[in-house]
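Below is one structure; the comments refer to it alone.
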Amino acid sequence: MNAIPRTSSLDSTLALHREGYSFISKRCDELGTDIFRTRLMLHPVICMRGEDATRLFYEGGDVTRVGAMPSFVLRLLQDKDSVQQLDGEAHRRRKAMFVEVTMTETSVAAMAKRFRQHWLDHFKGQEEDCDLREAANLILTRAAADWIGIPPLLRDDDGKLAHRLARMIDSAGVPGPAAWLALLSRRSVERWLREVVVALREGSIEAGEGSALKTIGLTHRDADGRPLSHETAAVELLNLLRPIAAISRWIVFVAHALARNPQWQERFQRGHDDEMEGFVEEVRRLYPFFPFVGARVTRDIDWRGHMLRQGQWLLLDLYGTTHDPRLFPAPEKFSAERKLTWRDADFRFIPQGGGRPETGHRCPGEMITSEILKETVKLLCRPPVEIIPWDAAIPLGAIPASPVPPLRIARRAAAVDGDRRAMPTNGGAK
Ligand code: HEM
């Protein structure tokens with residue numbers, strides 16, 4: 001068995017907080033390896049990157065997500081009893097429910113249509129600059145609540161809901177007061193969704209045919225043949241609402257990429273819709289969102305000559321894998337010509353996990369994400385929207401990452417200046 005290289009420092013928690021997205025890759029490069037041991041919050045952890053490590057996380061059943069995240073992160077993101085915490089047949093059955101709801105042409109088109117309509121309503125008559133992430137978060141929250149099928153009657157304040165959903169994502173990176181507040185927000189959204197499920201089951205509201213609300217609240221049966229409890233149904237509805245609202249972060253990155261690469265803005269103004277997928281997928285590769293995912297080993301295994309013991313905590317570097325020059329030549333260069341797509345279900349292009357979503361823990365929301373981002377490109381390019389500032393930095397130390405200063409958009413025709421056109425198209429993700 002080969003020994004797994006170790007970091008020289010006893011605990012790397014402070015370094016992780018300082019370096020953020022580049023933490024794992026930086027140490028892999030220093031140690032000349034794709035796997036190393038360290039401690040985080042005093043717990044022993046093995047950090048990994050690359051295609052083989054992604055296979056370990058997304059196929060084969062040698063790892064579980066149970067016990068793999070600090071509890072405040074788990075509760076802010078997926079939560080216990082959610083699909084992500086299941087394994088084997090229980091996972092496959094529950095995951096089939098998500099695939100049915102999120103991965104059909106019809107459901108994705110319905111979501112994109114609602115997104116477009118809410119965007120146009122939101123910006124109708126808008127003359128002043130506005131914060132793009134805030135606006136996109138509200139638009140997506142409204143679109144997602146409609147698409148899930150939650151009746152307007154039970155939605156008293158979409159603005160407050162949008163704010164609470166954003167808090168869950170914004171605060172998942174660091175423990176402390178912001179995370180506690182976000183947990184309170186989460187509890188109140190879950191209580192509200194539980195009331196929606198109860199109202200549906202008691203017959204006081206109806207869910208549209210084929211809606212996510214109907215599938216999750218009424219028709220789905222888990223592997224044990226039973227419907228979801230009220231609580232678990234609420235958790236899984238939130239597993240649609242929260243990540244759809246979080247697409248607002250990718251929307252900001254799409255705007256950043258358009259502002260930095262005005263030649264693409266011009267191409268999309270002239271049509272070229274066939275190149276949009278390559279563009280938005282390159283945004284998902286280059287820009288930082290989920291830094292890594294965690295897992296625990298379910299039995300002792302010999303993995304590529306290394307012994308991984310049962311119960312061992314692992315982290316897979318999503319960001320480092322999508323920036324590995326062996327997998328993506330000149331990884332810091334924005335290059336829509338790479339023609340990446342979630343459709344390949346491979347183990348290299350993994351901003352939202354790798355492999356097949358039906359059988360592993362890969363995100364079932366990539367089809368929706370990609371369609372929403374293509375719609376965003378159309379909305380930002382036709383007619384052209386000015387994105388300010390065009391040269392915002394995106395520091396990699398903060399998780400989740402955002403442009404500094406935040407991007408704003410104006411409903412004026414974009415004036416593309418000559419200097420900008422002369423910029424090298426290096427994506428500017430840093
Ligand atoms: C906003 C952009 C998104 C990002 C960055 C993202 C990221 C991810 C990642 C990295 C995973 C894998 C977690 C793991 O391996 O343990 C995941 C899983 C998941 N995502 Fe997403 N996601 C996004 C959007 C969505 C959307 C739009 C939906 C639903 C409509 C969604 C629903 C889920 C669910 C239910 C899982 C758990 C899957 C499982 O455990 O089998 N996500 N997501």
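The values are calculated or read from the model by the stated rules, or taken from the named source; none is laboratory data. Here the structure is a predicted model, which is why all the values come from computation and not from measurement. Virtual Cβ from ideal backbone geometry, glycine too; neighbours counted across all protein chains shown. Side chains included, ligands, DNA and RNA excluded: accessible areas come from the protein's heavy atoms. Shrake-Rupley method; radii C 1.70, N 1.55, O 1.52, S 1.80 Å.
Key figures
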read-out	value
Three-way shape call for the chain based on the alpha-carbon gyration tensor, with the a/c threshold at 1.5	oblate
Stretchable slack from Lys378 to Ala90, in nm (0.36 nm times residue separation minus alpha-carbon distance)	99.7 nm
Selection from Phe290, Asn261, Gly278 lying farthest towards where the dipole of segment 252-311 points positive, charges on Cβ	Phe290
Carbon + sulfur, % of accessible area of the chain - ligands and nucleic acids excluded, 1.4 Å	53 percent
Point-to-point label distance, Leu42-Val404, nm (Cα→Cβ direction, 7 Å offset)	3.1 nm
Given Lys214/Lys378; Lys95/Lys214; Lys80/Lys339, the pairs whose alpha carbons are separated by over 25 Å	Lys214/Lys378; Lys80/Lys339
Segment 13-422 - charge dipole about Cα centre, Lys and Arg +1 at Cβ, Asp and Glu -1, debye rounded to 20	520 debye
In Å, descending, principal axis extents of the Cα set of segment 210-312	53, 48, 21
Cβ-Cβ FRET estimate between Glu195 and Asn2, R0 fixed at 45 Å, reported to 0.05	0.25
Mean accessible surface per residue for the chain, computed with a 1.4 Å probe while every protein chain stays in place, in Å²	43 Å²
Computed over segment 13-422: relative contact order in percent, which uses C-alpha pairs under 8 Å that are six or more apart	26 percent
GluC sites (Glu not before Pro) restricted to segment 116-225 and DSSP loop, no more than 16 other C-beta within 10 Å	Glu127, Glu128, Glu206, Glu209
Size of charge dipole - segment 68-197 - debye, nearest 20, with Cβ of Lys, Arg +1 and Asp, Glu -1, no other charges	480 debye
Ordering of 118-125, 101-108, 355-362, 142-149 by packing [mean C-beta count within 10 Å, highest first]	142-149, 355-362, 101-108, 118-125
Contour excess over end-to-end distance, with Cα ends at Glu105 and Arg187 and 0.36 nm allotted per residue	26.3 nm
DSSP-loop trypsin sites (Lys or Arg not before Pro) across segment 184-291, with at most 16 other Cβ within 10 angstrom	Arg221, Arg270
